[in-house]
Amino acid sequence: MPYLFGGLVVLNAITLGYYLFLQQPSTTQTLKAAQEGITQPLEFTNSAKYIPPVIGTRD
(Lines give C-alpha, C1' and ligand atoms only; values in the text may rest on other atoms or scores of the structure.)
Protein backbone atom coordinates (compact mmCIF):
# COMPACT_ATOMS: atom_id res chain seq x y z
CA MET A 1 0.00 0.00 0.00
CA PRO A 2 2.78 2.54 0.69
CA TYR A 3 4.15 1.89 -2.81
CA LEU A 4 0.77 2.65 -4.35
CA PHE A 5 0.48 5.91 -2.40
CA GLY A 6 4.06 6.91 -3.24
CA GLY A 7 3.48 6.11 -6.91
CA LEU A 8 0.36 8.26 -6.99
CA VAL A 9 2.21 11.14 -5.33
CA VAL A 10 5.02 10.90 -7.90
CA LEU A 11 2.51 10.67 -10.77
CA ASN A 12 0.68 13.71 -9.41
CA ALA A 13 3.93 15.68 -9.14
CA ILE A 14 4.89 14.79 -12.73
CA THR A 15 1.45 15.76 -14.05
CA LEU A 16 1.47 19.05 -12.13
CA GLY A 17 4.97 19.86 -13.38
CA TYR A 18 3.91 19.17 -16.95
CA TYR A 19 0.89 21.47 -16.79
CA LEU A 20 2.74 24.22 -14.91
CA PHE A 21 6.00 24.36 -16.86
CA LEU A 22 5.82 22.54 -20.19
CA GLN A 23 2.36 22.97 -21.67
CA GLN A 24 1.67 26.33 -23.28
CA PRO A 25 -1.80 27.69 -22.47
CA SER A 26 -4.20 28.11 -25.36
CA THR A 27 -5.79 31.49 -26.01
CA THR A 28 -9.57 31.42 -25.65
CA GLN A 29 -12.09 33.86 -27.09
CA THR A 30 -12.68 35.39 -23.66
CA LEU A 31 -8.97 35.96 -23.16
CA LYS A 32 -8.64 37.54 -26.62
CA ALA A 33 -11.51 39.93 -25.89
CA ALA A 34 -9.98 40.88 -22.55
CA GLN A 35 -6.57 41.53 -24.13
CA GLU A 36 -8.14 43.71 -26.83
CA GLY A 37 -10.00 45.66 -24.15
CA ILE A 38 -6.74 46.28 -22.30
CA THR A 39 -4.78 47.41 -25.36
CA GLN A 40 -7.45 49.82 -26.62
CA PRO A 41 -7.06 53.42 -25.42
CA LEU A 42 -9.42 54.44 -22.65
CA GLU A 43 -11.68 57.45 -22.85
CA PHE A 44 -10.69 60.23 -20.48
CA THR A 45 -13.27 62.48 -18.90
CA ASN A 46 -12.11 65.52 -16.98
CA SER A 47 -14.01 65.21 -13.73
CA ALA A 48 -12.58 68.43 -12.27
CA LYS A 49 -15.33 70.48 -13.88
CA TYR A 50 -17.94 68.56 -11.87
CA ILE A 51 -16.44 69.43 -8.46
CA PRO A 52 -18.74 71.78 -6.52
CA PRO A 53 -17.39 75.23 -5.64
CA VAL A 54 -15.73 75.85 -2.29
CA ILE A 55 -18.13 77.14 0.35
CA GLY A 56 -16.92 79.84 2.72
CA THR A 57 -13.47 81.39 3.14
CA ARG A 58 -10.34 80.50 5.08
CA ASP A 59 -9.83 83.94 6.67
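The values are calculated or read from the model by the stated rules, or taken from the named source; none is laboratory data. Every value quoted in this text rests on a predicted model; they were computed, and no experiment measured them. Cβ atoms come from the backbone with ideal geometry, glycine included; neighbour counts cover every protein chain shown. Only protein heavy atoms, including side chains, enter the accessible area calculation; ligands, DNA and RNA are left aside. Shrake-Rupley method; radii C 1.70, N 1.55, O 1.52, S 1.80 Å.
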Between helix 2-17 and the chain: long-axis angle, C-alpha atoms, 0 to 90°, nearest 10: 40
Pairwise label distance in nanometres, Leu4 with Tyr19, each label 7 Å out on the Cα-Cβ vector: 2.3
With DNA, RNA and ligands ignored, accessible area of Thr45 (1.4 Å probe; Å², nearest 10): 90
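What percentage of the solvent-accessible surface of the chain, computed with a 1.4 Å probe over protein heavy atoms, is contributed by carbon and sulfur atoms? Write down the numbers at each step before the final one.
On the way: 4140 of 6390 Å².
Its accessible area is 65 percent carbon and sulfur atoms.
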